[in-house]
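Undergrad: Right, I'll just put the structure down here and ask away after.
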């Protein structure tokens, strides 16, 4: 490598470094953690051999402890999804499940940062939303206080991924599980020849569907799945309770990627 090549490589490295900002160090190392966004917060929900959960405030560049998973819950390849509470201005519900040691717990989360804000009226409203069951992981139970299990003992849920969708944002996909009725609605097998885990699985927004794909009806939800050289568009029709699968092209730079998060 000659001098000009060395200089070019150094400039390239410098340019890349300028695109990243060094943030406050994590309170503890995380492996296979799950994160969700809530307003100006990133909620970090445990990981392999780590049961503590923290909130990172994007504007403050600070962390705050939220709570810990129950001691009987072991995390290895779990997933966490967020459901917005329509009857609560500040709170959201987090659902954590899956992993090698399958579990199903929920948390009603109210921001741990709201007490730091200057808006006293807003703080009073937040304080009223906080209860003894706020910001703590509790077993997922039905209306008869019986525990709910997502998945079966015969299935490997390590690296599972899920999204919440449907007209009432009450379904967990791709096994369709109704979070209001606490029951399975539908189950389907992906049209693939091998197993997958830690894949990229996202829900397209209604606006994106309406503008880009006119053939998708209001009762339908579309999900996109990427894993190595596999790309799928998965459409679920809430009215007919039917799945449809469409293969989509994966660009060459993505085909070597797996364990997306």
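Table: residues versus (1) in a strand (DSSP E or B); (2) at pLDDT 80 or above; (3) under 21 Å from residue 83 (Cβ atoms).
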{"position": "150", "(1), (2), (3)": "no, yes, yes"}
{"position": "168", "(1), (2), (3)": "no, no, yes"}
{"position": "240", "(1), (2), (3)": "no, yes, no"}
{"position": "250", "(1), (2), (3)": "no, yes, no"}
{"position": "260", "(1), (2), (3)": "no, no, no"}
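Undergrad: Confirm whether residue 236 is assigned by TED's automatic domain parsing to the domain that holds residue 106 and either modelled with pLDDT of 80 or more or closer than 22 Å to residue 34 by Cα (or both).
TA: No; evaluated as a whole, the condition is false for this residue.
Undergrad: Please work out which residue is farthest from residue 112 (Cα to Cα), limiting yourself to the stretch 24-57 and to residues that are touching a residue at least 40 places away in the same chain (Cβ under 8 Å) and out of contact with any strand residue (DSSP E or B) (no Cβ under 7 Å at 6 or more places or on another chain).
TA: Once the filter is applied, the top-ranked residue is 37.
Undergrad: Which condition from (1) touching a strand residue (DSSP E or B) at 6+ places or on another chain (Cβ under 9 Å); (2) over 28 Å from residue 146 (Cα atoms) is the one that residue 60 breaks?
TA: Exception for residue 60: condition (1).
Undergrad: For residue 16, indicate whether it is surrounded by 12 or more Cβ atoms within 10 Å (Cβ to Cβ) and either modelled with pLDDT under 95 or in the same structural domain as residue 99 (by TED's automatic domain parsing) (or both).
TA: no
Undergrad: Do we find that residue 112 is assigned to a strand (DSSP E or B), closer than 22 Å to residue 39 by Cα, at pLDDT 85 or above and out of contact with any helix residue (DSSP H, G or I) (no Cβ under 7 Å at 6 or more places or on another chain) in this structure?
TA: Working: assigned to a strand (DSSP E or B): no; closer than 22 Å to residue 39 by Cα: yes; at pLDDT 85 or above: yes; out of contact with any helix residue (DSSP H, G or I) (no Cβ under 7 Å at 6 or more places or on another chain): yes.
For residue 112, the condition - assigned to a strand (DSSP E or B), closer than 22 Å to residue 39 by Cα, at pLDDT 85 or above and out of contact with any helix residue (DSSP H, G or I) (no Cβ under 7 Å at 6 or more places or on another chain) - is not met.
Undergrad: Here is a further query. Starting from residues that are exposed (fewer than 13 other Cβ atoms within 10 Å of the Cβ) and more than 15 Å from the chain's Cα centre (by Cα), keep the ones in the stretch 29-48 and report whichever is farthest from residue 104 (Cα to Cα).
TA: My answer is 29.
The values are calculated or read from the model by the stated rules, or taken from the named source; none is laboratory data. Keep in mind the model is a prediction, meaning the values are calculated, not measured. Note that we place each Cβ from the backbone using ideal geometry, even for glycine, and neighbour counts take in every protein chain shown.
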